[in-house]
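Beneath this line is the structure, given in structure tokens, with notes to follow.
Any read-out appearing in this document is the output of simple, stated calculations on the displayed coordinates, not a laboratory observation. Computed from a predicted model, the values in this text were never measured in an experiment. Every residue, glycine among them, receives a Cβ derived from its backbone with ideal geometry; neighbour counts consider all protein chains shown.
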Amino acid sequence: MICSLRTNASVMMAALLVAMSVSTNTRTTAAYAIQQDSDKVSDANIAAIVSVAGGLDIAYGKIAMSKSKDRQIREFAERMVTDHSAVQNAAVELLTRIGVKPEENETSRGLAANGVKVKEQLNKLKGKEFDKYYIDNEVAYHELVVNATENLLIPGAQNAELKSTLVSVLPLFQKHLEHARQVQASYGRKGGMDNHKMGMKH
């Protein structure tokens, strides 16, 4: 998947975004943290988000691959595991090369706590209920990813390569969002995550 240094960097930035997956109860909190950080996020904060992001969507995908019987869910989950496994290695490489060390902020802390809740819920659910929750969470994640990339990460990045990479990776996550929505459509729009407000304030 990675065929050049620039592609490596682009794929790396997916790691920064993986952590944006949000559960039913914490999306508003995560969105609020992102909004609060929008004026002060630094490359070091971005590095912290990368560190938190590392295994979240891989973990979600592996759970889905082991529990779901639905072909679409399994295929989507496998794609996420494959993409984000490559992301992790590239993330470490780029951040090391540009000399950025992680520095926690509200976003990174909130995302870490949220990841625990999502995994707990995924491990608890079964059957169609599991499938619905998983794909709803993936749609919510990619919606927040696209929003955060445009409104927090790109404006906040100071390193030129980091900023350029964020710009170049945005279309990838828009495609992921489209794919997730296509899978979600087969389950309908109601259920799983609809009991909670999921909108992100702009």
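Semi-axes of the stretch 84-136's equivalent ellipsoid from the Cα gyration tensor, sqrt of 5 times each eigenvalue, largest first, rounded to whole Å?
On the way: eigenvalues 188, 47, 10 Å².
After diagonalising the Cα gyration tensor, the semi-axes are 31, 15, 7 Å.
Calculate the spin-label point distance for residue 159 paired with residue 129, positioning each point 7 Å from the Cα along the beta-carbon direction, and give it in nanometres.
4.4
Compute the relative contact order of the stretch 43-98 as a whole-number percentage, counting only Cα pairs closer than 8 Å that sit 6 or more residues apart in sequence. Don't jump to the answer; show the numbers that get you there.
Details: 30 pairs, mean separation 20.9, N = 56.
So the answer I get is 37 percent.
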